[in-house]
Amino acid sequence: MSRKLPLGEGETSRTACARTPIRLGVEEKTGEIIPAPALAERIGWCLDLVSGMAGRLIAEHWNTADMNTLASGQDAGGRKLPSNAWMALRRLGWTAAAPAKVNDRIVRMAQEQAGRALWSVKWRADVVSGALAAWPVGDPKKLTAHEWEALRAAIPGGQHLPSSVIRSRTRQIAAFERKNGRLPADVFELEPAPRVARMLLLAACDGQQATIERSETDPAKALLRLQLPARPDPQTYQDWTWVACPIALPPTIPANAVLHLPTLRTVDGKVRADLAHTHPVPKAQRTGHTVALGVDWGLNTLLTAGATRLHADGTITTLGSGAQFRAAGVLAKHDRLRRTSERLHAKTDQYGRLADPALEPKTAVLTQEIRHVSDRRANLNDALAWSAARWSVDQAIATGASVIYLEDLRSMEAGHMGRTHNTRLSQTVRGKIADRMRHLAAKTGIAVVTVPPRNTSKHCPHCLTPLRHRKAPDRPTTSGWKWAICPNPQCRWQGDRDHGAWRRIAARGLAHQAKTVTDRATGAMTIRTVVDAMETKAVITATPKTSRTDRSKTGPTQPRTNRLTPRRREVPSPARPTGRAGQRPEGHAPTDRTRLPRAAHRHQSVTTISTPTTGHRPRGAALGAGFHLHTHATPPRWETIQPIPQPQDHTGSLS
């Protein structure tokens, strides 16, 4: 199979990864079928060999000198190190002895895994070294503006580093200082050697260890061939045999994609393959956008989005009134799981402090339950991230937008909003949603660009005047947060705070698209600074209202129909001879009803009107509209732009 991907004009290659199970294997020499449990056992033996060698290799070179040697990119003779981690470690002479008889490709996988781990520590080492060099004299939790500037200047690339990353490292160093009475020397004293994951990086091997071929008759199937040990401690090369594993490719892998050797791991006694593949996609552009989708983050209303158009004269107008993705029910469930996890951790810590051997069985049960709750939280976050990202990309496709602008909130730290609200804001899966959004948008050539969040909710989207925030539109004199009113007499715009924010985000992105830069390491596009001259043009121009037919009164406006029969009787029902009162057709007449009737269906529209504080209040009102229907998303319905059909991709993983 050819590994070269043909590209057309305006296309670029994109490498992604999809998870798929491996359910059986076939012994090539004898033709014997290997069931899933036996296959997982044999792959587990190989995993033990590779992870053991990688762990010893990392522990041996977990120091500053070896890290600097590897990060320098040159060997002792001044030659440039290869880009592959296993080749770089061999050039430096870093090897690990195998406890059994293994071929050279097994050692390659161990060296590749260890080299990646040692390479990744370089960035953390630079951040810790910069923080130690500019360590404040006073309390590290209360840094002044001057101390923040000095700290960022001491860290390589610190000017564009999120504040949350710097703050977490300073807290880590402060905890070490409280425990040991001194500052750490470097990151290697601050952190122990990382735990080695049990996985087989087959990408470091060649055809002598593993091959993968796509079926010529059925493009939805592939065949993976690899050598596996027949015993836990192979003594000779005869203890390694070739095993053929058929793989059913997931539908997210295109038919024209080039397959690469996967990464194998075992999960609960089952074999999982992370199958990397490369396929052509339209190339996303940094500039030249005329239709953009602005996305604003929220808490109960997780995403609020809308489209804008940049005209030839430089004016920006909106397309439609916007849409919302509300996930209050899912976030409430996640919050309950978080509180459960905190209680379980508190119990486990208490048992550890008691140091009673009789409590060890209970500790083991609690540890297992903590792992179970953590898995539920991870699965919930992953499902929510894919759903929100898919919704955002669908909105962009429906409007014909070529770019999605969203706020860069990596540096946001919730504070001064109450303990519960601060925690919920900090637990939001914004980073995962942004990654999934880039993953899905790349398939259609839509660029995803982050913009600075400064004043996106504070200023009016039409005139940039500071807004006045109120409780609700029916309470214009009560200070609040949700409803925004522009005090400019020439503007007088008012609307939902989040709807004003997505207008500001989209307008800022279109006005600053010439300042878009691409990160060379990750490929993510971002606008890092706001230019005042460009910001003055980032305003939404009101669409002129079209003239309508003359509706002046020329005759009676009341409909010429008889009065409709009332649904309920307005007089008491007649008495019956038996003494029982007659039954009304639809129940008792509403004589003293003080509360609003129940909704006819559960798909209530989005509203900002304040919830009545008197009378009965449904429990779901505190969680958002409809707790059992976990998410409420506005469908991509637009009148002026026809939707573009695109293939759906609801599952997958990042490369």
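The values are calculated or read from the model by the stated rules, or taken from the named source; none is laboratory data. None of these values were measured; they are calculated from a predicted model. So basically every Cβ, Gly included, is an ideal-geometry build from the backbone, and we count neighbours across all protein chains shown. With ligands, DNA and RNA removed, areas are computed over all heavy atoms of the protein, side chains included. Shrake-Rupley method; radii C 1.70, N 1.55, O 1.52, S 1.80 Å.
Taking a 1.4 Å probe, which of Phe325, Phe188 shows the most accessible area, and what order do the others take after it?
Phe188, Phe325
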Simple SL model, points at 7 angstrom along Cα→Cβ for Thr30 and Arg171; separation in nm is 5.6
Phi to ³J(HN,Hα) by Karplus 6.51 cos²θ - 1.76 cosθ + 1.60 over the range 384-400, Hz, x for Gly, Pro: 5, 5, 5, 5, 5, 5, 5, 5, 5, 5, 4, 4, 5, 5, 5, 8, x
What's the extension gain from Thr541 to Asp349 if we count 0.36 nm per residue and subtract their Cα-Cα distance? 63.3 nm
Starting from the residue with the highest accessible area, list Leu202, Leu380 in decreasing order, probe 1.4 Å. Leu380, Leu202
Trypsin sites (Lys or Arg not before Pro) restricted to DSSP loop in the range 190-268 with at most 10 other C-beta within 10 Å: Arg195
Taking every pair of distinct Cα atoms and averaging 1/r, then inverting, what Kirkwood hydrodynamic radius in Å comes out for the range 120-256? 19.8
Sorted by chain and then number, the residues having a modelled amide H within less than 5 Å of the amide H of Leu319, at least 5 places away or on another chain, are Ala307, Thr308, Arg309
Scattering from the C-alpha atoms of the range 159-234 alone, worked out with Debye: what is log10 I(q)/I(0) at q = 0.20 1/Å? -0.99
For the range 41-163: rounded, prolate or oblate by the Cα gyration tensor [a/c cutoff 1.5]: prolate
Loop only by DSSP, 13 or fewer other Cβ within 10 Å of the Cβ. Give me the trypsin sites (Lys or Arg not before Pro) in the range 92-166 that pass, ordered by residue number. Lys141, Lys142
³J(HN,Hα) computed for each position of the range 464-471 - Karplus, 6.51 cos²θ - 1.76 cosθ + 1.60, integer Hz, glycine/proline x: 6, 7, x, 7, 9, 9, 10, 5
What's the extension gain from Ala71 to Leu7 if we count 0.36 nm per residue and subtract their Cα-Cα distance? 19.7 nm
Quick one: length gained pulling Trp148 to Ala383 fully straight, 0.36 nm per residue minus the C-alpha distance? 80.9 nm
List the residues whose amide H sits under 5 Å from the amide H of Ser215, counting only those 5 or more places along or on another chain, with H placed 1.01 Å from N in the peptide plane. Lys221, Ala222, Leu223
Report the equivalent ellipsoid semi-axes for the range 426-497 in whole Å, largest first, defined as the square roots of five times the eigenvalues of the gyration tensor built from alpha carbon atoms. 32, 16, 10
Which residues does the label zone of Arg520 cover in the range 81-106, counting backbone N under 18 Å from a point 7 Å along Cα→Cβ? 81-84
In Å, what Rg and Dmax follow from the Cα atoms of the range 297-350? 20.4, 67
Quick one: what are the phi-derived ³J(HN,Hα) couplings along the range 137-149, Karplus 6.51/-1.76/1.60 with θ = phi - 60°, whole Hz, x for glycine and proline? 6, x, 6, x, 7, 10, 7, 7, 4, 5, 5, 5, 5
So who's got an amide H within less than 5 Å of the one on Ala273, skipping anything under 5 residues away but keeping other chains? H placed 1.01 Å off N, in plane. Thr20, Ile22
